[in-house]
1. Restricting attention to the range 244-258, report how many residues are buried (at least 19 other Cβ atoms within 10 Å of the Cβ), out of contact with any Cys (no Cβ under 7 Å at 6 or more places or on another chain) and under 28 Å from Gly152 (Cα atoms).
2. Hey, among the residues in the range 82-116 that are surrounded by fewer than 18 Cβ atoms within 10 Å (Cβ to Cβ) and within 20 Å of the chain's Cα centre (by Cα), which one's nearest to Gln299 (Cα to Cα)?
3. Inside the range 79-113, can you point out the residues that are in contact (Cβ under 8 Å) with a residue 40 or more places away in the chain, farther than 10 Å from Tyr245 by Cβ and among the hydroxyl-bearing types (Ser, Thr, Tyr)?
4. On the basis of being in contact (Cβ under 8 Å) with a residue 40 or more places away in the chain, within 23 Å of Lys207 (Cβ to Cβ) and under 23 Å from the mean Cα position of the chain (by Cα), does Val155 make the cut?
5. List the residue pairs whose Cβ atoms are under 9 Å apart, where the first residue sits in the range 236-251 and is touching a residue at least 60 places away in the same chain (Cβ under 8 Å) and of a type in the set (Lys, Arg), the second is assigned to a loop (DSSP other than H, G, I, E, B) and surrounded by fewer than 18 Cβ atoms within 10 Å (Cβ to Cβ), and the two are 6 or more positions apart or on different chains.
6. Would you check if there is a residue in the range 117-125 being out of contact with any Lys or Arg (no Cβ under 7 Å at 6 or more places or on another chain), at pLDDT 90 or above, surrounded by 17 or more Cβ atoms within 10 Å (Cβ to Cβ) and within 12 Å of Val235 (Cα to Cα)?
7. List the strands (runs of 3 or more DSSP E) that sit entirely inside the range 192-291 and contain at least 1 residues that are of a type in the set (D, E, K, R).
8. Anything in the range 7-34 that is of a type outside the set (A, V, I, L, M), touching a strand residue (DSSP E or B) at 6+ places or on another chain (Cβ under 6 Å) and either crowded, with 24+ Cβ neighbours inside 10 Å or outside the structural domain of Leu88 (by TED's automatic domain parsing) (or both)? List them, or say none.
Amino acid sequence: MDKIYDVIIIGAGPAGMTAAIYAKRAELDALMIEKNFCGGGQVLNTYEVDNYPGMPGINGFDLGTAFSDHVDKLGCERVSEEVTGMELKGDIKTVNTDQGLYRARAVILATGNSPKKLAVPGEEEFAGMGVSYCATCDGAFFKDKVTAVCGGGDVAVEDAIFLSRGCQKVYLIHRRDELRAQKSLQTALFNTENIEFVKDSVVKEIKGEGKVSSILIENVKTGELSEISADGIFVAVGNEPNASYAEGLDCDEKGYVKASEDCKTNIPGVFAAGDIRSKRLRQITTAVADGANAVTSLQEYLI
């Protein structure tokens, strides 16, 4: 393709779509590439969003659709293709997809991350109906109910403590007999009366009818199977950044792209926005902020 865009935005989650909105308002020639037919990112898998300002209780699909409609209203060009590789060095960046090749003066990476999954029966079936990967996003919907958290690191322990403030009871399921979380978090966990540590155990199946009702677990030392009655399970076994195809970028130890609040990476003309960026908090609000900041930095770069 001979055309050279001002910017190619890869990813159509909240960060990518915000970047597209800001790019079009800045009258930039922008192309947004998203592998899924429907844009929205992980928010589409959230049954209800209650922490996005001004839209309490909106479901994830409706919020993602609203973002997408806004992008379309401004006339941003977009294609549903999967990125297979990129050449990011030099003044002109090249993006290869499964259907073609595109070039631009700059690239915004907004590919997000993907929660690591348990890969057990029931996990996919009950996603958004009791299975969640974000306690701060969905915990409020389990007030006075029984929940479980699977994991043993900082995030899992933080999630269990967070949920314990509103839930009747919280089970923390971990495959080992010791947690990996920092000691201060462990102290807080074990001092919380309505949290029960289920050690040496792995989830074998998530059960229910229309929504989660119980969790089948196995003791890894004895092989004994048991069932926990629960209204939901929060999976906190880590995330995987979607950055495998971006060579030459500085990343942190977990693979997230290093970029400060201005979203600039180590490669001139390449910006990282949203959950792909190495940062403390990954939420819809921070992704939207990154999308705006990335375009602001992009404009300075193009000038």
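The values are calculated or read from the model by the stated rules, or taken from the named source; none is laboratory data. Since the model is a prediction, treat every value here as computed from it, not as a measurement. Positions of Cβ are backbone-derived with ideal geometry, glycine not excepted, and every protein chain shown enters the neighbour counts.
1. Result for the range 244-258: 1.
2. Glu82
3. Passing the criteria: Ser80, Thr97, Tyr102.
4. Here the answer is no, as Val155 does not meet what is asked.
5. none
6. The answer is yes, given that some residue of the range 117-125 is out of contact with any Lys or Arg (no Cβ under 7 Å at 6 or more places or on another chain), at pLDDT 90 or above, surrounded by 17 or more Cβ atoms within 10 Å (Cβ to Cβ) and within 12 Å of Val235 (Cα to Cα).
7. Once the strands (runs of 3 or more DSSP E) in the range 192-291 are filtered for at least 1 residues that are of a type in the set (D, E, K, R), what remains is 195-198, 201-208, 212-219, 225-229, 239-241.
8. Gly16
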